[in-house]
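Written out below as structure tokens is the structure these notes cover.
The values are calculated or read from the model by the stated rules, or taken from the named source; none is laboratory data. Please read these numbers as outputs of a predicted model, since none were measured by experiment. Please note: Cβ atoms are built from the backbone with ideal geometry, for glycine as well, and neighbour counts cover all protein chains shown. Please note that ligands, DNA and RNA were not included when accessible areas were found on the heavy atoms of the full protein model with its side chains. Shrake-Rupley method; radii C 1.70, N 1.55, O 1.52, S 1.80 Å.
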Amino acid sequence: MARGTVVQKIIDAHYAGGERKVGKPVAIRIDQTLTQDATGTMAYLELEAMNIPQVKTELSVSYVDHNMMQNGPENRNDHLYLQSVANAKGVRFSPPGNGICHQLHLERFGVPGKTLIGSDSHTPTGGGIGMLAIGAGGLDVALAMAGKPFRIPFPKVIGVRLTNRLAPWCAAKDVILTMLSILTTKGNVGSIVEYFGPGVATLSVPQRATITNMGAELGVTTSIFPSDDVTRKFLEAQGRGVDFTPLTAEPDAEYDQLIEIDLAQVVPLAACPSSPDNVKPIAELSGLKVGQVIIGSCTNSSYRDLAMVAAVLKNRKVNPNLTLAIAPGSRQVLEMLAANGMLADIIGAGARILETGCGPCIGQGQSPADDTISVRTFNRNFAGRTGTRGDQAYLVSPETAVAVALTGEFTDPRRLGIDYPEIAEPEKFLINDNMIQLPTGKGEIIRKRTIGQPPINTALPDKVDGVVVIKVGDKITTDHIMPAGVHLKLRSNIPAYSKVVFECFNEPGKPSFAERAAAVRDSGKSGVIVGRDSYGQGSSREHAAICPMYLGVKVVAALAIERIHSANLVNFGILPLMFADPADYDVIEEKDELLFEKLREQLAVGEPVHATLRKADGTRREIIFNHRLSAEDIRIILAGGMLNL
Ligand code: MIC
Ligand code: SF4
């Protein structure tokens, strides 16, 4: 049971109940929370609904980094609400322009050995500094702010032993892409990845953070590195030496599964369209023309990443057949590049400098042209996420991205013929926290007209007259369920945002998913969503549960449902079920009826749930579902969601 691991040590130190048995729920105390604006408004509305006067964590920070476009008043209305509610509730506030939550949290707040939950799936970035950092839905983060422990499945710990060191032009991004090619995005629910071995000491904290950040794409609970001398130097360079504690696994630590990666064998890789695990060596893509390169996001926009890019771009020119855009991860990074002249090298080469924030990673601008390839240093390339239908987004390291930016086509950076600029981690980062606002604990909460309320569900009825409102396939992401991009500004307005649920599956001239689901709801029946494997991958956005709930969905039935999404469904009173016989997935069709009788009685820990499927031709059959719900989950669902409870 993963004895002697860093994971086990942190869980032991934060243990707040539950069984220490793989897969069983275990509760842990949460030291820190973070939120970002796109999920944060709901999280703080939920915190308000709980009547919590002041947050009870050691540290909570509210960041604004996603919705920065301000086309119309909605986003700025959100910012003002977030700023004022943070001030009133005892939360620090990081305004737009200060940086991406994960990059900033690592620089300024992360502490080895502490627990962190964040309303963003890339919260595991904090694993780079030795934190147990986990992504969750906004409601779970609100509960943690209210001082409640957080429940995770007691993890299976996957140990990854790193040996040797990366060769020039081969990057931390290529390490996580290697991991994705081994483990894929499916089937890792409930695991935590822990890195160890002699190769660890060769990686800087930002490199480690790239690996744990994109570890989210594996579908694991989180990923973590030990806290060692490299961590100490990073914290000292951030003026936070006092926050250092060493934390490493015992030499005889036991892992539930072992993977070996020889860093010297890692080569430049790309995740090809449209899944982070569709990994190929750059050498195989070589010569493919590219229309756009973007460098940035919480995965790859540290000082080292951008300083390396600046050194390569210096006195060179961006290929005229593409555009290169760069979004620094934090103001610290941007200010340092500005102070040492590297920003001038970047601008001089013809790059477009974007605002510090998520930007194009979440479809806020820079959508690529039709039928062109976009190369990005981001962590997700789900279809349509760029804002262009039928997009072709490839995910690469900054090393590969800058090589492509110079040549206009896929180029193995080792073939560039340029000496690899080795960038040492700074001895001292430029520290300027003047944008972080400390809370006063009182003051008015600013609530403009576009700030709604979280809708509250009704208790689960004993008899659910279900109708299948959509049947989808494998690996449906929360981006498929709730698109971001131009719709992101509707995050605080559930009735409006609900209109675009499953928008990518709508067909012209036919009723949209929202219309079909609302019609079922208004007829007094309940919507059922049918998915296949790995349903609900990706983003932690609880809107992927709240909006379907608003449209009357009561059940999601799939072969497997991802962790954060499943927890969000439970929190909003939607029943997540798994087909006991996968063949039933093939039988069930849209518009079929699925009847659950005595459902409240049927729901018990470890017990299957029976339903009757009624096809359009009147034929009936029994369908059996399994679930992974704990006693607490069942209580929440019966009540119609956590807010009711
Ligand atoms: C993402 O990368 O998909 C996001 C946007 O950061 C999301 C959060 C959201 O949807 O607001 C995430 O990763 O959880
Ligand atoms: Fe922002 Fe992209 Fe990171 Fe999500 S993955 S937090 S959208 S930069």
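The trypsin sites (Lys or Arg not before Pro) found in segment 371-413 that occupy coil by DSSP, while having at most 15 further C-beta atoms within 10 Å, are Arg389.
The amide H of Asp412, built 1.01 Å from its N in the peptide plane, has no neighbour under 5 Å, considering only residues 5 or more places off or on other chains.
Summarising the amide proton neighbourhood of Val193: residues at separation of 5 or more, or on other chains, whose placed amide H is nearer than 5 Å comprise Ile158, Thr222, Ser223, Ile224. Expressed as a fraction of 2.2 N^0.38 Å, the value expected for a compact globular protein of N residues, the C-alpha radius of gyration of segment 223-292 is 1.70.
Taking the Cα centre of segment 473-524 as origin, work out the dipole magnitude from +1 charges on Lys and Arg Cβ and -1 charges on Asp and Glu Cβ, in debye rounded to 20. Each step should come with its number before you reach the end.
Details: 7 positive and 6 negative charges, 32 e Å.
The dipole of segment 473-524 has a size of about 160 debye.
Which loop GluC sites (Glu not before Pro) in segment 393-497, with loop taken from DSSP, have no more than 15 other Cβ atoms within 10 angstrom of their Cβ?
Glu422, Glu427, Glu444
With helices as the sole contributors, the chain gives -7500 deg cm²/dmol at 222 nm; each DSSP H run of n ≥ 4 counts as -39500 (n - 2.57), and the sum is divided by every residue.
Nonpolar atom fraction for segment 373-433, defined as the carbon and sulfur part of the 1.4 Å probe accessible area, stands at 45 percent.
Expressed in Å, the radius of gyration and Dmax of the Cα atoms of the chain are 23.7, 74. Maximal additional length on extending the Ala459-Asp419 stretch stands at 8.0 nm, based on 0.36 nm per residue less the C-alpha distance. What does the C-alpha gyration tensor say about the overall shape of segment 515-645? Classify as rounded when a/c is under 1.5, otherwise prolate if a/b is larger than b/c, or oblate. Verdict is rounded for segment 515-645.
At a threshold of 8 angstrom on Cα-Cα distance, excluding pairs fewer than six apart, so keeping six or more, what relative contact order does segment 301-426 reach in percent? After rounding, I find 28 percent.
Projecting the Cα atoms of Gly197, Leu177, Phe150 onto the charge dipole of segment 145-218 (Cβ charges, centred on the Cα centre) puts Phe150 farthest toward the positive pole.
Compute the signed sum of charges (Lys and Arg +1, Asp and Glu -1) over the other residues within less than 13 Å, Cβ to Cβ, of Thr33. Here the count lands on +1.
Taking all C-alpha pairs of segment 1-103, those more than 18 Å from each other amount to 57 percent. Segment 1-60 and segment 154-217 have Cα centres separated by 23 Å. Heavy-atom surface analysis with a 1.4 Å probe gives segment 232-354 a carbon and sulfur content of 51 percent of its accessible area. Computed about its Cα centre, the charge dipole of the chain is approximately 960 debye, with only Lys, Arg, Asp and Glu carrying charge at their Cβ. In the full protein context, the chain carries 35 Å² of accessible surface per residue, based on a 1.4 Å probe and ignoring ligands, DNA and RNA. Quick check on segment 436-545: take the gyration tensor over C-alpha atoms, sort the square-rooted eigenvalues as a ≥ b ≥ c, and tell me if it's rounded (a/c under 1.5), prolate or oblate. Judged from the Cα gyration tensor, segment 436-545 comes out prolate (a/c at least 1.5, a/b above b/c).
A straight Cα-to-Cα reach below 20 Å connects Lys442 with the aspartates and glutamates Glu46, Glu48, Glu58, Asp78, residues fewer than 8 places away in its own chain not being considered. Backbone geometry of segment 36-44 corresponds, through the Karplus equation with coefficients 6.51, -1.76 and 1.60 at θ = phi - 60°, to 3J(HN,Hα) couplings of 10, 5, 5, 10, x, 4, 4, 4, 6 Hz, x marking Gly and Pro. Its Cα gyration tensor gives segment 329-472 an equivalent ellipsoid; the semi-axes, largest first and in whole Å, are 40, 29, 14. Taking a straight Cα-Cα cut-off under 24 Å and skipping sequence neighbours fewer than 8 places away in the same chain, the lysines within cross-link reach of Lys280 are Lys173, Lys186, Lys289, Lys475. Between Thr202 and Lys428, the modelled labels are 3.2 nm apart [label points 7 Å from Cα along Cα→Cβ].
Taking the charge dipole of segment 307-443 about its Cα centre, with +1 at Lys and Arg Cβ atoms and -1 at Asp and Glu Cβ atoms, the residue from Ala403, Ala393, Ile347 reaching farthest to the positive side is Ala393. Among rounded, prolate and oblate, which fits segment 151-244 when a ≥ b ≥ c are the square roots of the eigenvalues of its C-alpha gyration tensor, a/c under 1.5 means rounded, and a/b larger than b/c means prolate? It comes out oblate by the Cα gyration axes.
The dipole here belongs to segment 63-111: it is taken about the Cα centre, uses +1 on the Cβ of Lys and Arg and -1 on the Cβ of Asp and Glu, and is about 180 debye.
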